[in-house]
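The values are calculated or read from the model by the stated rules, or taken from the named source; none is laboratory data. This structure is a prediction, so every number in the text was calculated from the model and none was measured. Positions of Cβ are generated from backbone atoms using ideal geometry, with glycine treated the same way; all protein chains shown enter the neighbour counts. When the accessible area is computed, the model is the full protein with side chains, heavy atoms only, and any ligands, DNA or RNA have been set aside. Shrake-Rupley method; radii C 1.70, N 1.55, O 1.52, S 1.80 Å.
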Number of protein chains: 2
Amino acid sequence: MITPFDDAYFMKKALQEAEIAFEKGEVPVGAVIVVEDRIIARAHNLTEQLNDVTAHAEMQAITAAANFLGGKYLHNCTLYVTLEPCQMCAGALYWSQISKIVYGAKDTERGFSTMGTKIHPKTKVVQGVMEKEAAQLLKRFFIEKRNLN
Amino acid sequence: MITPFDDAYFMKKALQEAEIAFEKGEVPVGAVIVVEDRIIARAHNLTEQLNDVTAHAEMQAITAAANFLGGKYLHNCTLYVTLEPCQMCAGALYWSQISKIVYGAKDTERGFSTMGTKIHPKTKVVQGVMEKEAAQLLKRFFIEKRNLN
(Lines give C-alpha, C1' and ligand atoms only; values in the text may rest on other atoms or scores of the structure.)
Protein backbone atom coordinates (compact mmCIF):
# COMPACT_ATOMS: atom_id res chain seq x y z
CA MET A 1 0.00 0.00 0.00
CA ILE A 2 1.21 3.47 -0.85
CA THR A 3 0.36 6.03 1.81
CA PRO A 4 1.05 9.74 1.61
CA PHE A 5 1.47 9.78 5.37
CA ASP A 6 5.10 8.94 5.91
CA ASP A 7 7.64 10.65 8.16
CA ALA A 8 8.67 13.04 5.37
CA TYR A 9 5.05 14.14 4.91
CA PHE A 10 4.69 15.22 8.52
CA MET A 11 8.20 16.66 8.71
CA LYS A 12 7.22 18.96 5.84
CA LYS A 13 4.39 20.24 8.04
CA ALA A 14 6.89 20.86 10.84
CA LEU A 15 9.13 22.69 8.35
CA GLN A 16 6.21 24.94 7.40
CA GLU A 17 5.95 25.86 11.09
CA ALA A 18 9.70 26.55 11.18
CA GLU A 19 9.28 28.90 8.22
CA ILE A 20 6.61 30.84 10.11
CA ALA A 21 9.07 31.19 13.01
CA PHE A 22 11.71 32.41 10.53
CA GLU A 23 9.41 35.14 9.26
CA LYS A 24 8.83 36.28 12.83
CA GLY A 25 12.56 36.58 13.48
CA GLU A 26 12.59 33.51 15.71
CA VAL A 27 15.17 30.73 15.49
CA PRO A 28 13.33 28.64 12.88
CA VAL A 29 12.21 25.45 14.59
CA GLY A 30 8.79 23.92 14.01
CA ALA A 31 6.93 20.91 15.36
CA VAL A 32 3.76 18.93 14.85
CA ILE A 33 2.29 16.08 16.90
CA VAL A 34 0.48 13.32 15.07
CA VAL A 35 -1.83 10.56 16.23
CA GLU A 36 -3.15 8.01 13.71
CA ASP A 37 -2.03 10.12 10.73
CA ARG A 38 -3.82 13.17 12.10
CA ILE A 39 -2.06 16.36 13.17
CA ILE A 40 -3.35 17.30 16.62
CA ALA A 41 -0.85 20.08 17.41
CA ARG A 42 1.30 22.53 15.43
CA ALA A 43 3.76 24.98 16.91
CA HIS A 44 6.85 27.03 16.22
CA ASN A 45 9.48 28.59 18.38
CA LEU A 46 8.29 31.82 20.03
CA THR A 47 10.99 32.49 22.63
CA GLU A 48 11.71 36.02 21.38
CA GLN A 49 8.15 37.11 20.82
CA LEU A 50 7.02 35.79 24.20
CA ASN A 51 10.27 36.64 26.01
CA ASP A 52 10.17 33.15 27.42
CA VAL A 53 12.85 30.46 27.23
CA THR A 54 10.19 27.80 27.72
CA ALA A 55 8.38 28.70 24.47
CA HIS A 56 10.18 26.17 22.26
CA ALA A 57 8.08 24.61 19.50
CA GLU A 58 8.05 21.20 21.21
CA MET A 59 6.86 22.56 24.57
CA GLN A 60 3.93 24.34 22.99
CA ALA A 61 3.10 21.28 20.88
CA ILE A 62 3.13 19.02 23.97
CA THR A 63 0.74 21.33 25.82
CA ALA A 64 -1.55 21.66 22.78
CA ALA A 65 -1.62 17.90 22.13
CA ALA A 66 -2.40 17.10 25.77
CA ASN A 67 -5.16 19.68 25.66
CA PHE A 68 -6.59 18.09 22.51
CA LEU A 69 -6.41 14.58 23.97
CA GLY A 70 -7.71 15.60 27.40
CA GLY A 71 -4.87 13.79 29.12
CA LYS A 72 -1.25 14.49 29.88
CA TYR A 73 0.26 11.32 28.38
CA LEU A 74 1.04 11.30 24.67
CA HIS A 75 0.82 7.56 24.14
CA ASN A 76 0.44 6.59 20.45
CA CYS A 77 1.63 10.06 19.46
CA THR A 78 4.59 11.03 17.29
CA LEU A 79 6.38 14.36 17.53
CA TYR A 80 7.95 15.69 14.33
CA VAL A 81 10.41 18.47 15.03
CA THR A 82 12.83 20.10 12.62
CA LEU A 83 15.73 20.32 15.12
CA GLU A 84 16.92 17.82 17.71
CA PRO A 85 15.21 18.62 21.04
CA CYS A 86 17.20 20.28 23.85
CA GLN A 87 17.41 19.11 27.49
CA MET A 88 14.21 20.93 28.44
CA CYS A 89 12.14 19.59 25.56
CA ALA A 90 13.55 16.06 25.84
CA GLY A 91 12.77 16.24 29.57
CA ALA A 92 9.17 17.26 28.86
CA LEU A 93 8.89 14.48 26.26
CA TYR A 94 10.16 12.05 28.91
CA TRP A 95 7.28 12.97 31.22
CA SER A 96 4.76 12.73 28.35
CA GLN A 97 5.81 9.13 27.56
CA ILE A 98 5.38 9.98 23.88
CA SER A 99 5.64 6.94 21.59
CA LYS A 100 7.94 8.36 18.93
CA ILE A 101 10.16 11.38 18.30
CA VAL A 102 11.24 12.16 14.73
CA TYR A 103 13.69 15.00 14.26
CA GLY A 104 15.39 16.61 11.29
CA ALA A 105 18.69 18.39 11.89
CA LYS A 106 21.06 17.40 14.65
CA ASP A 107 21.99 19.96 17.32
CA THR A 108 25.51 18.93 18.14
CA GLU A 109 25.87 21.69 20.76
CA ARG A 110 22.65 21.70 22.76
CA GLY A 111 20.76 18.64 21.52
CA PHE A 112 19.67 16.02 24.03
CA SER A 113 22.08 13.37 22.73
CA THR A 114 25.11 15.63 23.26
CA MET A 115 23.75 16.81 26.62
CA GLY A 116 23.03 13.27 27.80
CA THR A 117 19.32 13.82 28.51
CA LYS A 118 17.40 10.61 29.20
CA ILE A 119 14.61 9.57 26.83
CA HIS A 120 11.69 7.55 28.21
CA PRO A 121 12.12 3.79 27.64
CA LYS A 122 8.72 3.75 25.85
CA THR A 123 9.90 6.35 23.30
CA LYS A 124 11.39 5.48 19.92
CA VAL A 125 13.67 8.08 18.31
CA VAL A 126 14.22 8.57 14.57
CA GLN A 127 16.67 11.18 13.31
CA GLY A 128 17.64 12.76 10.01
CA VAL A 129 14.23 13.09 8.29
CA MET A 130 14.52 16.09 5.93
CA GLU A 131 17.69 16.97 7.81
CA LYS A 132 19.13 19.01 4.95
CA GLU A 133 16.07 21.26 4.60
CA ALA A 134 15.85 21.87 8.35
CA ALA A 135 19.56 22.61 8.66
CA GLN A 136 19.54 24.96 5.65
CA LEU A 137 16.69 27.01 7.08
CA LEU A 138 18.59 27.41 10.36
CA LYS A 139 21.79 28.30 8.52
CA ARG A 140 19.99 30.89 6.43
CA PHE A 141 18.51 32.42 9.59
CA PHE A 142 21.85 32.81 11.32
CA ILE A 143 23.54 34.21 8.18
CA GLU A 144 20.79 36.84 7.77
CA LYS A 145 20.90 37.68 11.47
CA ARG A 146 24.67 38.17 11.34
CA ASN A 147 24.37 40.41 8.28
CA LEU A 148 21.77 42.58 10.02
CA ASN A 149 23.97 43.18 13.07
CA MET B 1 23.65 42.79 59.98
CA ILE B 2 20.71 40.54 60.66
CA THR B 3 18.39 40.21 57.67
CA PRO B 4 15.14 38.29 57.61
CA PHE B 5 15.75 37.53 53.94
CA ASP B 6 17.86 34.41 54.00
CA ASP B 7 17.42 31.22 51.94
CA ALA B 8 15.18 29.68 54.62
CA TYR B 9 12.85 32.70 54.47
CA PHE B 10 12.23 32.31 50.75
CA MET B 11 12.11 28.52 50.91
CA LYS B 12 9.24 28.88 53.39
CA LYS B 13 7.39 30.85 50.73
CA ALA B 14 8.05 28.05 48.25
CA LEU B 15 6.77 25.55 50.83
CA GLN B 16 3.56 27.56 51.15
CA GLU B 17 3.11 27.13 47.39
CA ALA B 18 3.77 23.39 47.76
CA GLU B 19 1.02 23.21 50.39
CA ILE B 20 -1.44 24.83 47.97
CA ALA B 21 -0.53 22.14 45.43
CA PHE B 22 -1.09 19.49 48.11
CA GLU B 23 -4.59 20.79 48.81
CA LYS B 24 -5.38 20.59 45.08
CA GLY B 25 -4.30 16.95 44.92
CA GLU B 26 -1.12 17.80 43.03
CA VAL B 27 2.32 16.40 43.85
CA PRO B 28 3.28 19.10 46.37
CA VAL B 29 6.10 21.12 44.83
CA GLY B 30 6.28 24.89 45.09
CA ALA B 31 8.62 27.56 43.78
CA VAL B 32 9.34 31.25 44.04
CA ILE B 33 11.76 33.44 42.09
CA VAL B 34 13.46 36.28 43.90
CA VAL B 35 15.40 39.31 42.72
CA GLU B 36 16.96 41.67 45.26
CA ASP B 37 14.98 40.16 48.15
CA ARG B 38 11.72 40.61 46.29
CA ILE B 39 9.51 37.74 45.15
CA ILE B 40 8.67 38.29 41.48
CA ALA B 41 7.05 34.91 40.77
CA ARG B 42 5.23 32.22 42.77
CA ALA B 43 3.98 28.92 41.42
CA HIS B 44 3.04 25.38 42.35
CA ASN B 45 2.77 22.18 40.43
CA LEU B 46 -0.41 21.99 38.32
CA THR B 47 0.24 18.99 36.07
CA GLU B 48 -2.98 17.18 37.06
CA GLN B 49 -5.28 20.16 37.02
CA LEU B 50 -3.97 21.36 33.65
CA ASN B 51 -3.41 17.85 32.24
CA ASP B 52 0.01 19.05 31.17
CA VAL B 53 3.39 17.53 32.00
CA THR B 54 5.03 20.91 31.39
CA ALA B 55 3.12 22.58 34.26
CA HIS B 56 5.79 22.02 36.91
CA ALA B 57 6.15 24.78 39.51
CA GLU B 58 9.55 25.84 38.15
CA MET B 59 8.35 26.16 34.54
CA GLN B 60 5.47 28.40 35.52
CA ALA B 61 7.74 30.46 37.77
CA ILE B 62 10.29 30.95 34.95
CA THR B 63 7.57 32.17 32.58
CA ALA B 64 6.07 34.48 35.22
CA ALA B 65 9.45 35.94 36.22
CA ALA B 66 10.44 36.60 32.60
CA ASN B 67 7.08 38.27 32.08
CA PHE B 68 7.64 40.44 35.14
CA LEU B 69 11.17 41.38 34.06
CA GLY B 70 10.24 41.91 30.41
CA GLY B 71 13.14 39.73 29.27
CA LYS B 72 13.82 36.05 28.96
CA TYR B 73 17.07 35.92 30.94
CA LEU B 74 16.84 35.55 34.70
CA HIS B 75 20.18 37.13 35.56
CA ASN B 76 20.44 38.18 39.22
CA CYS B 77 17.48 35.95 40.04
CA THR B 78 17.29 33.06 42.50
CA LEU B 79 14.83 30.19 42.19
CA TYR B 80 13.69 28.57 45.43
CA VAL B 81 12.04 25.22 44.82
CA THR B 82 11.02 22.61 47.38
CA LEU B 83 12.15 19.60 45.29
CA GLU B 84 15.23 19.12 43.13
CA PRO B 85 14.36 20.12 39.53
CA CYS B 86 13.88 17.42 36.88
CA GLN B 87 15.54 17.28 33.43
CA MET B 88 12.88 19.53 31.88
CA CYS B 89 13.04 22.21 34.57
CA ALA B 90 16.83 22.12 34.82
CA GLY B 91 16.91 22.42 31.02
CA ALA B 92 14.64 25.48 31.13
CA LEU B 93 16.77 26.97 33.91
CA TYR B 94 19.83 26.39 31.72
CA TRP B 95 18.31 28.53 28.95
CA SER B 96 17.28 31.22 31.46
CA GLN B 97 20.88 31.60 32.72
CA ILE B 98 19.44 32.07 36.21
CA SER B 99 22.04 33.10 38.79
CA LYS B 100 21.13 30.70 41.59
CA ILE B 101 18.99 27.65 42.23
CA VAL B 102 18.15 26.70 45.83
CA TYR B 103 16.27 23.46 46.35
CA GLY B 104 14.94 21.59 49.38
CA ALA B 105 14.51 17.83 49.06
CA LYS B 106 16.62 15.70 46.75
CA ASP B 107 14.89 13.69 44.02
CA THR B 108 17.16 10.68 43.79
CA GLU B 109 15.07 9.14 40.99
CA ARG B 110 14.26 11.94 38.58
CA GLY B 111 16.28 14.91 39.84
CA PHE B 112 18.72 16.60 37.46
CA SER B 113 21.81 15.41 39.31
CA THR B 114 20.80 11.74 38.99
CA MET B 115 19.69 12.27 35.38
CA GLY B 116 22.91 14.08 34.46
CA THR B 117 21.26 17.28 33.20
CA LYS B 118 23.69 20.12 32.57
CA ILE B 119 23.38 23.30 34.61
CA HIS B 120 24.43 26.63 33.04
CA PRO B 121 28.00 27.62 34.02
CA LYS B 122 26.64 30.96 35.31
CA THR B 123 24.28 29.20 37.75
CA LYS B 124 25.13 28.42 41.37
CA VAL B 125 23.27 25.54 43.01
CA VAL B 126 22.49 25.21 46.74
CA GLN B 127 20.71 22.13 48.05
CA GLY B 128 19.10 20.98 51.30
CA VAL B 129 17.43 24.20 52.49
CA MET B 130 14.40 23.10 54.58
CA GLU B 131 14.93 19.67 53.07
CA LYS B 132 13.12 17.87 55.90
CA GLU B 133 9.95 19.95 55.62
CA ALA B 134 9.81 19.59 51.82
CA ALA B 135 10.42 15.83 51.96
CA GLN B 136 7.84 15.31 54.72
CA LEU B 137 5.15 17.10 52.71
CA LEU B 138 5.87 14.89 49.70
CA LYS B 139 5.88 11.76 51.87
CA ARG B 140 2.55 12.71 53.44
CA PHE B 141 1.07 13.27 49.98
CA PHE B 142 2.08 9.85 48.70
CA ILE B 143 0.91 8.07 51.90
CA GLU B 144 -2.51 9.75 51.68
CA LYS B 145 -2.76 8.98 47.98
CA ARG B 146 -1.96 5.30 48.58
CA ASN B 147 -4.56 5.08 51.33
CA LEU B 148 -7.24 6.55 49.05
CA ASN B 149 -6.63 4.00 46.29
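Take the residues in the range B:54-86 that are β-branched (Val, Ile, Thr) and open to solvent by 10 Å² or more (accessible area, probe 1.4 Å), then tell me which one is farthest from A:ILE62 (Cα to Cα). Spell out the reasoning first.
Narrowing the range B:54-86 to residues β-branched (Val, Ile, Thr): B:54, B:62-63, B:78, B:81-82.
Checking which are open to solvent by 10 Å² or more (accessible area, probe 1.4 Å) leaves us with B:54, B:63, B:78.
Working: B:THR54: 8, B:THR63: 16, B:THR78: 27 Å.
Within the range B:54-86, the match that is farthest from A:ILE62 (Cα to Cα) is B:THR78.
Out of the range A:48-86, which residues are small (Gly, Ala, Ser), at the interface with chain B (Cβ under 7 Å from one of its Cβ atoms) and within 23 Å of A:VAL126 (Cβ to Cβ)? Spell out the reasoning first.
Narrowing the range A:48-86 to residues small (Gly, Ala, Ser): A:55, A:57, A:61, A:64-66, A:70-71.
When the remaining residues are screened for being at the interface with chain B (Cβ under 7 Å from one of its Cβ atoms), the result is A:66, A:70-71.
Selection gives A:ALA66 alone.
State which residue pairs qualify: first residue farther than 10 Å from A:THR82 by Cβ and inside the range A:15-26, second residue outside any helix (DSSP H, G or I) and open to solvent by less than 60 Å² (accessible area, probe 1.4 Å) in any location, beta carbons under 6 Å apart, and separation of 6 or more residues or different chains.
A:ILE20/A:HIS44; A:PHE22/A:PRO28; A:GLU26/A:ASN45
When residues of the range B:87-114 are filtered for being at the interface with chain A (Cβ under 9 Å from one of its Cβ atoms) and open to solvent by 10 Å² or more (accessible area, probe 1.4 Å), how many remain?
Just the residues of the range B:87-114 that are at the interface with chain A (Cβ under 9 Å from one of its Cβ atoms), to begin with: B:87-97, B:110, B:112.
Narrowing the set further to residues that are open to solvent by 10 Å² or more (accessible area, probe 1.4 Å) leaves B:94-95, B:97, B:110, B:112.
Qualifying residue count, the range B:87-114: 5.
Residues in the range B:55-76: is at least one over 24 Å from A:LEU46 (Cβ atoms) and touching a residue at least 24 places away in the same chain (Cβ under 8 Å)?
Kept after step one, since they are over 24 Å from A:LEU46 (Cβ atoms), are these residues of the range B:55-76: B:76.
Of the ones still in play, those that are also touching a residue at least 24 places away in the same chain (Cβ under 8 Å) are B:76.
There is at least one residue in the range B:55-76 that is over 24 Å from A:LEU46 (Cβ atoms) and touching a residue at least 24 places away in the same chain (Cβ under 8 Å).
Does the range B:56-94 hold any residues that are of a type in the set (S, T, N, Q) and either at pLDDT below 95 or in a loop (DSSP other than H, G, I, E, B) (or both), and which are they?
B:ASN76
Kindly check whether there is at least one residue in the range B:95-105 that is part of a helix (DSSP H, G or I) and touching a helix residue (DSSP H, G or I) at 6+ places or on another chain (Cβ under 8 Å). Reasoning before the result, please.
The first filter runs over the range B:95-105 and keeps only residues part of a helix (DSSP H, G or I), leaving B:95-96.
When the remaining residues are screened for being touching a helix residue (DSSP H, G or I) at 6+ places or on another chain (Cβ under 8 Å), the result is B:95-96.
Yes.
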